[in-house]
Amino acid sequence: MESPRLQVAGIAFTAVLAAVGAAAVVGGLGYGAVDDAGLVGPGFMPIFAGGLMLIFALIDIMQRVRHTVVANRDAKLALDTSSFEALEHELEDETKLDVDIFGRSQRFRNRQLVAVIGILVVTLLLVNVLGFILAFGLMLVAIAVLVERRAWLSSVIVSVVALAAAYLIFGVFLRVPLPQGLLGIL
Amino acid sequence: MIDNLLLGFQTALTPENLLWCFIGVLMGTIIGLMPGLGSTTGVAILIPLTLTLEPVTALIMLAGIYYGAQYGGTITSVLISTPGEAASVVTTLDGYQMARKGRAGAALAISAIGSFVAAIISLALLMALAPPLADLALNFGPVENLAIMILGLVIVVSFAGGSMARGLMMAAAGLLISTVGVATGFSDARFTFGNIDLLGGIPFVEVMIGIFAVGEVLYQIRIGAAEPIKARFRDMLITKDELKRSAGPIVRGSGIGFALGILPGAGSTLASFMSYGIEKKVSKNRRLFGKGAIEGVAAPESANNAAANANFVPTLALGIPGGGTTAVLLGAFTIYGLQPGPLLFETQPTLVWGLLVSFFIGNVLLLILNLPLAPVFAQMLRIPYGFLYPIILLTSFIGAYAVSNNMFSVVLVLIFGLLGYVMKELDMPVAPLVLGLVLGPLFEKALVQTSALGQGDFSIMLESPISVVILALALLMGVGPMLLGRLRVARRSRRSVTESEKVDV
C-alpha cells in the first residue's frame, strides 16, 4: 500500500507534468501549429504532445484522488492477466522489508540516498576545478567512507583501482578527452 | 534464405565476432544477475565501450548483453526473490518458492532450457518474418509510416501496465522531450531557452543512462538488499517428471512471447506476465502455482526470451523499437551511422544476417554457460551493492561523456537520473517515456511529410489500404483492452462487489 506521503507526492508530480504540458501548448502556439500553406508547422508536435500530457495528467490526478479515497478497502486480487499492478504491489511489499541484510533501517537508507545525490551534485561541480578523473575519484571515496561507512584505507584502495580501470578504458584505450579542469593534472 | 544464412555464419563465426559475442552474453548474464542492473542499463552504459569496434561486432556484443541478461535475470529472481530484470518479475513467484524447497537448481536449469528452446523457435520465426516485412515496408511512404508510428504509440501505451492515463502521459512527455532543439524540416529552435547545448536536442543515450542506470541506483539504495539462497551443483539436476511438466509451458510461453514481442512497444515483461497468467489457467497443477510450480518458472522464462528476440522484428524491419532495450540498441545503430529500417536488409546484409546468426551462437553459449555454471554466477550475488553502485555511477557518467565529449551530457544524466528515481518511487511507467522519446522525431517527420503530401489534409491516410489496415489495428489495440477490462469488471462486479476495484487497467 502506498503511504499517504507518496500519494501526495504522486499528485504533486503529476500536477507539475500538467503544468509542463500546458506550457508546451503555449510555446507550441508561439512556434505556429500550421504554416501559411496550412501544412504542419514547428509548433504542431509541442501542442500535440503538451496537450496529451495536460489531459492525461489531469485524468491521472482525478484517478489518484479517487484512489486515495477508496484505497482502504483494497482486497488481495487473484492473479490474472490484467492485474499486473496488484502483482507488482505484492512483490514490492516483499522487497520493501524495513531492515535489510546489513541491518540498516529505512530511515538510514533514506539518508544514504540524500547523501549520494548531494555527493553527485558536488562531484559535477568539481569537474571544472579538479578535472573528471580526480572529481570522480573523490566521489568514489566519499560514497565509500561517508555513505557506506567503510574504512579509509580499503575505500581509497578500491576507489583507486576502479578509477584506474575507468581511466585506462576511457582515457587511454578509447582516447576520450576527459576534461582536466583548472588543475590540468589528469 | 540459405545464402543469407551462409553469409550470416561467415560473419558471425570470425574469431573476433565470436569472442565479442561470448563477452556480450557473459556480461549480459552478469548484468542481468545484478539487481538494479538490467539489460537496458547494461546496453546503455556499455555503448561507449564499443565505439572502436566494427558496427557488426559492436551490435553482436550489445545484442548479446540483451538476451544474456534474460538468462541472468532469472538467477536473482530465484535465489533472492529480487528480479534482476523487469521481465523476470513473475519468476520470483514460483522460482523463489522452488529455491526455498531446495529446488533452486532445477528452477535455474529449467529456465535455461526453456529460454534456449524459446530462443531457437523465435529466432527461426524472426529470420522467416523480418525480411518479408522489410520488403513490404520498402513500399511504405510517409502515410504508411505515420500509421505505423500511431500503431506503435498505441501499443506502447495500452501494454505499459498500470494506469492507462499515466502511460499516455509519460509517452506524451517523451514526445515532448524529443521536440527540444532544431527539428528536421524546420529552422526554428524549440524549447532551448537560449541554451546552445540544447540546439541539437536532448540525446537519448544520456536520457537512458540517466533513467535506467542512475535512477535505478538511487532507487536501490533506498530499498536495501535481501539474503541470497545458495544453489549447489548437484541440485542442478532436474527430474524427468519436471521436464515433462515443463514441455507444454515452454512451447506455449515461446508462442505467447513471440506474438507479443513482435508488436512494436510491447516488451518481454508483458510477455512473461501473460504466459504465467495463461499457464495458471490451463495447467493441471494450477493449485501449485505460487507455491513452487516448475510450470510457473518455465513459462515466463521462455516467454521473455522469445519476446526479446521477437522485439528485433519491428526494430530491424521497420526501425521501430520493440521495447526499452531495443530502443537503446536503435540508438547504437545511429551512433554507427546506420539507419535502421527496411533498407537495412538490402544495404547491410552482412550486418543483419551476421547479427541474427550471432543470436543462435549466443544462445548456445548461454545454455552451455548457464546449465553448469548458474551456481557460480550466483556467487556474484555476494558482492554487496555498496561496492557495486559507486562503480555503476562512475561508468554511467564517464560513459555519457565518452559518447558526446561534452560535460552537458553528464549534467543531463544526473537530471534524468533524478527524474528516473522519482518516477520509480511514484510508480510511473518508464517504457512509454523512452519510446515516446525515440518515436518522437520519426513521428514528426512522418507527420510533416504526410501533411505535405495531402496539402494539409490528413484524409489521405484513409486512401492507402495498408495505412487503413494499420490504423484499424491501432484502434483495436487501443480500445480492445479497455473494452475487455470493462467486460471483466462488469462480470466480476456481478460476482462480488468488493473485488471490482483496480481492474481499470
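The values are calculated or read from the model by the stated rules, or taken from the named source; none is laboratory data. On a predicted model such as this, the values are computed, not experimentally measured, just so you know. As a convention, Cβ positions derive from the backbone with ideal geometry for all residues, glycine included, and neighbour counts pool all protein chains shown. Accessible surface areas use protein heavy atoms only, side chains included; no ligands, DNA or RNA. Shrake-Rupley method; radii C 1.70, N 1.55, O 1.52, S 1.80 Å.
Would you please name the trypsin sites (Lys or Arg not before Pro) within region B:99-148 that are DSSP coil residues with at most 14 other C-beta atoms within 10 Å of their C-beta?
Passing sites in region B:99-148 are B:LYS101.
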Please get the size of the charge dipole for region B:1-128, origin at its Cα centre, with Cβ charges of +1 on Lys and Arg and -1 on Asp and Glu, quoted in debye to the nearest 20. 520 debye
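From the Cα gyration tensor of region B:86-179, with a ≥ b ≥ c the square roots of its eigenvalues, which class applies: rounded if a/c is under 1.5, or else prolate if a/b is larger than b/c, or else oblate?
oblate
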Heavy-atom accessible surface of region B:325-370: percent carbon and sulfur, 1.4 Å: 66 percent
If you average the sequence gap of Cα pairs under 8 Å that are 6 or more apart and divide by the length of region B:234-338, what percent do you get for the contact order? 33 percent
Starting from the Cα gyration tensor of region B:351-426, multiply each eigenvalue by 5, take the square root, and state the resulting semi-axes largest first in whole Å. 32, 22, 13
Relative contact order of region A:106-173, defined on C-alpha pairs under 8 angstrom at six or more residues apart (%): 27 percent
Restricting attention to the alpha-carbon atoms of the protein assembly as shown, what are Rg (one decimal) and Dmax (integer), both in Å? 24.3, 75
Which value, in Å² rounded to 10, gives the accessible area of B:TYR336 with a 1.4 Å probe and all protein chains present? 40 Å²
Rank these by accessible area, largest first, 1.4 Å probe: B:TRP353, B:TRP20. B:TRP20, B:TRP353
Shape of region A:106-173 from its Cα gyration tensor (a ≥ b ≥ c, root eigenvalues): rounded if a/c is under 1.5, otherwise prolate when a/b > b/c, or oblate? oblate
Dipole-positive endmost among B:ALA172, A:ALA23, B:SER283 within the protein assembly as shown (Cβ charges, Cα centre): B:SER283
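Could you please put B:VAL422, A:VAL147 in sequence from largest to smallest accessible area, using a 1.4 Å probe? Mind showing how you got there, number by number?
Values: B:VAL422 50, A:VAL147 5 Å².
Descending order: B:VAL422, A:VAL147.
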Quick one: which residues, 5 or more positions from A:VAL34 or on another chain, have an amide H under 5 Å from its amide H? H modelled 1.01 Å from N in the peptide plane, none for Pro or chain starts. A:GLY41
With the crude spin-label approximation of a point 7 Å out along Cα→Cβ, what separation in nm comes out for B:ASP427 versus A:ARG111? 2.9 nm
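Relative contact order for region B:36-185: what percent, with Cα pairs under 8 Å and sequence separation of 6 or more?
Computed value for region B:36-185: 13 percent relative contact order.
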I'd like the Karplus ³J(HN,Hα) series for region B:87-92: coefficients 6.51, -1.76, 1.60, θ = phi - 60°, whole numbers in Hz, and an x wherever there's a Gly or Pro. 6, 9, 4, 5, 4, 4
Let me cross-check B:SER459: its accessible surface, 1.4 Å probe, with only protein heavy atoms counted, in Å² to the nearest 10? 50 Å²
Along the principal axes of its C-alpha atoms, what lengths does region B:2-463 span, in descending order and rounded to whole Å? 67, 48, 46
Treating only Lys and Arg (+1) and Asp and Glu (-1) as charged, each at its beta carbon, one finds that the protein assembly as shown has a dipole about its Cα centre, in Debye to the nearest 20, of 2440 debye
Put a dot 7 Å past each Cα toward the Cβ at A:VAL65 and B:ARG287; how far apart are the dots in nm? 4.8 nm
Which value, in debye to the nearest 20, gives the size of the charge dipole of chain B about its Cα centre, when Lys and Arg are +1 and Asp and Glu are -1 at the Cβ? 2360 debye
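Return the FRET efficiency for the residue pair B:ARG486, A:ILE55: r is the Cβ-Cβ distance, R0 is 22 Å, and the value is rounded to the nearest 0.05. Before the final figure, lay out the partial values.
Working: r = 20 Å, r/R0 = 0.92.
E between B:ARG486 and A:ILE55, to the nearest 0.05, is 0.60.
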Ignoring ligands and nucleic acids, A:PHE44 exposes an accessible area, probe 1.4 Å, in Å² to the nearest 10, of 60 Å²
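What is the calculated FRET efficiency for B:LEU476 to B:ASP135, with r their C-beta to C-beta distance and R₀ = 35 Å, to the nearest 0.05? Please report the intermediate quantities before stating the final value.
Values: r = 25 Å, r/R0 = 0.70.
For R0 = 35 Å, the calculated efficiency reads 0.90.
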